[in-house]
Amino acid sequence: MASFSPVLIAAAHGSREARAQTETHRLLARVRESRPALRVDIAFFDIHRPTVDEAVAALRGAPAIVVPLLLGAGFHFTVDLPALLGPARAARPLAPHPLLTEALTHRLRQAESRAGRAADAVILAAAGSRRPGGNDGCHTAARELGAALRAGRETPVPVRPALLCGGSDTGRGQDRSLARAARELRAEGFTRIAVLPYLMATGRFSDRLAVEAERAGCMGTARPLGAQTSMARLVLARFDECARLARTESRAGAGVDPMGRTRRVGQS
């Protein structure tokens, strides 16, 4: 197993938005710059080709790790990906991770610089999911970002999650629209509210978010996570984590199912 040198297949959602496609390719360019010896391919869950299974098949049996460029374990990860992996392994989604918190903090600082003032509150806005647990990642990211801001600033900065699709958080029984989050923060005395997109790239969701943020009187909207150093490092961290697991399981004599879960020899 010492020669185990898998290809990294970055699996993006896929979008008809040219801006989103450009951002995805820019992110992967940063990944390649960070590790020139690593082969980095791209695949898509929807709209574009190659699909994940096509990218895996093109390697003709060479080892591969699919890193989903997804912020949570939604439908693409839990349903689509297992059926497309073939002999490849799957890394975990990008969130939660300290590097994601670092990337969000960087986008916040950029937004504050453009606005010429520091935010006293933040809304972390996701596209939203109607699947049970589909919005948990955004809530976790909001908590972790809030903790990082408390540790790094003299005055605590609250971070509230918000959802664009419907604004209703299934299973939590509450409206989590951006407008409501902004109203609640203002009622608590916060006036400089920055909006952080919990999105990978610019597109229709980020456009809608900017409109809603302006309508809600927020001080500014940050850029989506996109192509930045912390995100490139995060993609590589997920790849390395999965590769280490493969090596450990091989040394232990374990089998591995397509999603990277351990299966001891003799188990079905």
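The values are calculated or read from the model by the stated rules, or taken from the named source; none is laboratory data. Note that the structure is a prediction, hence the values are computed from the model and not measured. Heads up, the Cβs are rebuilt from the backbone with ideal geometry, glycines too, and the neighbour counts pull from every protein chain shown. Ligands, DNA and RNA are excluded from the accessible area calculation, which covers all protein heavy atoms including side chains. Shrake-Rupley method; radii C 1.70, N 1.55, O 1.52, S 1.80 Å.
Matching residues to (1) in contact with a Pro (Cβ under 9 Å, 6 or more places away or on another chain); (2) of a type in the set (Val, Ile, Thr):
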position: Arg16; (1), (2): no, no
position: Ser34; (1), (2): no, no
position: Ile47; (1), (2): no, yes
position: Asp53; (1), (2): no, no
position: Ala57; (1), (2): yes, no
position: Pro63; (1), (2): yes, no
position: Leu69; (1), (2): yes, no
position: His76; (1), (2): yes, no
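Being part of a loop (DSSP other than H, G, I, E, B) and either open to solvent by less than 60 Å² (accessible area, probe 1.4 Å) or at pLDDT 95 or above (or both) is the filter here, so list the residues in region 34-59 that pass it. The answer is Arg35, Pro36, Ala37, Leu38, Arg39, Phe45, His48, Pro50, Leu59.
Residues in region 72-92 that are at pLDDT 95 or above and either over 14 Å from Leu8 (Cα atoms) or among the aliphatic types (A, V, I, L, M) (or both): Ala88, Ala90, Ala91. Filtering region 197-218 to residues that are open to solvent by less than 30 Å² (accessible area, probe 1.4 Å) and closer than 13 Å to Leu164 by Cβ leaves Pro197, Tyr198, Leu199, Gly203, Ser206, Leu209, Ala213, Ala216. For region 76-123, the tally of residues that are of a type in the set (Asp, Glu) and in contact with a strand residue (DSSP E or B) (Cβ under 7 Å, 6 or more places away or on another chain) stands at 1. The condition of being modelled with pLDDT under 95, surrounded by fewer than 17 Cβ atoms within 10 Å (Cβ to Cβ) and on the phi > 0 side of the Ramachandran plot does not hold for Gly14. Identify, please: which residue in region 121-178 is among the β-branched types (Val, Ile, Thr) and modelled with pLDDT of 90 or more and is, among those, most open to solvent (accessible area, probe 1.4 Å)? Checking each candidate, the answer is Thr155. Tell me whether region 79-99 contains one or more residues that are of a type in the set (Val, Ile, Thr) and buried (at least 19 other Cβ atoms within 10 Å of the Cβ). No, region 79-99 contains no residue that is of a type in the set (Val, Ile, Thr) and buried (at least 19 other Cβ atoms within 10 Å of the Cβ). Of the residues screened, Val31 is not one that is farther than 18 Å from Arg233 by Cβ, in contact (Cβ under 8 Å) with a residue 40 or more places away in the chain and crowded, with 19+ Cβ neighbours inside 10 Å.
Selection within region 100-120: residues that are within 12 Å of the chain's Cα centre (by Cα) and not hydroxyl-bearing (Ser, Thr, Tyr). The member of this set that is surrounded by the most Cβ atoms within 10 Å (Cβ to Cβ) is Leu104.
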